[in-house]
Amino acid sequence: MEISDRLERIENDLAEIRRMLSERPDSVVEDDEKYGVQQAKSTWYGKHENEISYAIIGCAIEVHRELGPGLLESLYEDAMCYELRQAGLAFERQQRVPVKYKSVLLSTPLKLDLIVEEKVIVDNKAKQTVTAFDKQALLTYLRLRNVRLGLIVNFHELKLVDGVFRIVNGLTE
């Protein structure tokens, strides 16, 4: 495929994503099927975290293959939601996680990019480098939600495999 053909395809895809974004409700947490929770029981129900993570990584590879690096994180998240839906994976987007300090509920809840099948947290990134802080933050999210596996997916890598990091919280193989 020539570069001009690929650029035209990317421009068409971006136009479609922009159209989808313009239809999004203003609220941060969407409840409808298009942008939030898939209500139907998925074909992945009961699968191990590792199986689910392989499918998620496959979705991320497809997004990266189509869009490439250099876009905004929110666009990659939109595209990931599309791919997860196509793969039959149930997910929640921008889910709020209340944070308690001792016995006090803090006023600003965390928002997770994606939680897939209630078993894997996906933290999408679109930045030059994933830091140790990013990895530690995801581990904190895993502990707060009592989830055993998280993925950081940095779409700004030339090869996506260099931008995928598995973070575990007591996961047994």
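Extending 7 Å from Cα along the Cβ direction at R143 and again at R166 yields two label points whose distance is 2.2 nm.
Answer rounded, prolate or oblate for segment 84-148, using the Cα gyration tensor with square roots of eigenvalues a ≥ b ≥ c: rounded when a/c is under 1.5, else prolate when a/b is larger than b/c, else oblate. Judged from the Cα gyration tensor, segment 84-148 comes out oblate (a/c at least 1.5, b/c at or above a/b). Decide, for segment 64-104, between rounded, prolate and oblate: order the square roots of the alpha carbon gyration tensor eigenvalues as a ≥ b ≥ c, take rounded if a/c falls under 1.5, and otherwise choose prolate if a/b is larger than b/c, else oblate. Oblate is the answer for segment 64-104, as a/c is 1.5 or above yet b/c matches or exceeds a/b. Relative protection proxy for 128-134, 72-78, 55-61, from highest mean packing down: 55-61, 72-78, 128-134 (other beta-carbon atoms within 10 angstrom).
In this structure, the amide hydrogen of V122, modeled 1.01 Å from its nitrogen in the peptide plane, lies closer than 5 angstrom to those of L114, I115, V116, L151, counting only residues at least 5 positions away or on a different chain. Between S74 and L158, the simple label model (points 7 Å from Cα in the Cβ direction) yields a spacing of 3.0 nm.
Spin-label model, L105/E66: points 7 Å from Cα along the beta carbon direction are separated by 3.8 nm.
Values in this text are rule-based calculations from the coordinates and carry no lab data. Only a predicted model underlies this, so the values are computations on that prediction, with no experimental measurement involved. Note: ideal-geometry Cβ built from the backbone for every residue, glycine included; neighbour counts use all protein chains shown.
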